[in-house]
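The values are calculated or read from the model by the stated rules, or taken from the named source; none is laboratory data. Since we're looking at a predicted model, the values are computed, not measured. Heads up, the Cβs are rebuilt from the backbone with ideal geometry, glycines too, and the neighbour counts pull from every protein chain shown. Protein only, heavy atoms only, side chains kept; ligands, DNA and RNA dropped before computing areas. Shrake-Rupley method; radii C 1.70, N 1.55, O 1.52, S 1.80 Å.
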Amino acid sequence: MKNKHNYREEFKRKKRRDVLSRLIIYIVGAVIVMGLLVYLLFFAHIFDVRSVEVTGPASISIDEVRSIAEQVLERRTLGISRRRNSILFSPNAIGGELMQSLPRIKSLKIERKTLHVISINIEERQAVGMWCLVQQERCYYFDEDGTAFAELLPTTGYRFIAINDSRDTKIELGKSVTSSVWRDHILTIKKLLQFGGISIAEVQIPKDSFEEFTVVTREGWRIMMSNDSNVERQLSSMLKLLKEKFTPDTRKA
């Protein structure tokens, strides 16, 4: 009985050793496979990013875009730079940095062109107006969404009518110049007056204004407007009156 008991104990120990040996082999094999995979993905230069191709309008510096993209690619996670693997790189990381650094960019298409090349295609914002802060002597181009994307000094000769805002306010590139109510009303008035044959010289927002602004025509007329009113109905009535009672020569007199 004693020999039988010893035999069983020896058999159990041998079985445990076999299980442990197989487990060690599996673990060592897994470590080797993972190490080989990491080497192939990040250190064998099979998938590394070697160049960044940029296409876009002349108003946006290709060199600056490429430089920002390269900086993002060089950033490291767990000691490994994004440049090491073009398959695992994040377009959102590059896109977010570019949109924040270059407000003139409206949209981006970033993709892996080949194993070693990343392409960036840029669409820029198109200006629809110029908003000027009188107190700060600064003007900003803004697009159809109202986003300020370029700063310039106040002067004459620009193709956009200046909206001269005398209020104590602030504009940041990449953010809206003002609320949609102000933008929509002013741009609507501009279109309606142009349709009626009246050219605008400027739009003035007084320092103490809450909703009021003045449209100054090139003939010297001053049209008082308010965001609280229906600007389309108000202007339609005014244009009808001008058409019936005043000729263009009379308005200039």
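List the aspartates and glutamates whose Cα lies under 16 Å from the Cα of residue 240, skipping any in the same chain that are fewer than 8 positions away.
232
I'd like the FRET efficiency for residue 194 and residue 169, computed as 1/(1 + (r/R0)^6) with the beta carbon distance as r and R0 of 41 Å, rounded to 0.05.
0.95
Considering only protein heavy atoms and a 1.4 Å probe, what is the carbon-and-sulfur percentage of the accessible area of the stretch 111-157?
43 percent
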